[in-house]
Amino acid sequence: MTRRIDKEVEVNHSPAEVLELIFAYENYSRFIPGCISSTKKEITDSQTQGKLVFSFLNKDYIFESLNEEIEGGLKMDQISGPFKSFKSFWQVTSANNKTLIQFSAEFETNYILAFLATDKRIDTLADKIISAFLGQLR
């Protein structure tokens, strides 16, 4: 079953500040709830490979992704991890003297993860992650 997350928030920080934070996923373990390790390996000027390790319910989940920095955003595609497939996208734009941050993800879970990852839990986790990012901007 394919599922989707869409989040949008406006902030009073420059797009450059927001993108710098998003691109520095080697620092995610410092502030994202449940993320216990985060690394980044450069592949090309615009592509990197990321590895995030999350700990939930006494189990560690390794998420590796191919990431592409694009104009005003970041595309992430799972290489290996707990999902059958996972693609996400950060888009950062200026509007009305504010910066608009849009995050979307489309993913497919396996049977066990689908049982644990209810829509309510996914939405709550997404809100916590977005809040953690916003906390770093303050």
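Which ones in segment 96-114 are modelled with pLDDT of 65 or more and surrounded by 13 or more Cβ atoms within 10 Å (Cβ to Cβ)?
Within segment 96-114, LYS98, THR99, LEU100, ILE101, GLN102, PHE103, SER104, ALA105, GLU106, PHE107, GLU108, THR109 qualify.
Kindly indicate the residue of segment 24-59 that is out of contact with any helix residue (DSSP H, G or I) (no Cβ under 8 Å at 6 or more places or on another chain), buried (at least 18 other Cβ atoms within 10 Å of the Cβ) and outside any strand (DSSP E or B) and also modelled with the highest pLDDT among those meeting that condition.
TYR28
Scan segment 49-84 for residues that are in contact with a strand residue (DSSP E or B) (Cβ under 7 Å, 6 or more places away or on another chain) and free of Cβ contacts under 8 Å to residues at least 40 places away in the same chain and report the count.
Adding up the residues that qualify gives 25.
Among the listed residues ALA132, ALA117, identify the single one that is surrounded by 15 or more Cβ atoms within 10 Å (Cβ to Cβ), touching a Pro at 6+ places or on another chain (Cβ under 7 Å) and either of a type in the set (Gly, Ala, Ser) or modelled with pLDDT under 90 (or both).
ALA132
The values are calculated or read from the model by the stated rules, or taken from the named source; none is laboratory data. Keep in mind it's a predicted model, so treat the numbers as computed, not measured. Counting neighbours? That spans all protein chains shown, and the Cβs are built from the backbone with ideal geometry, glycine included.
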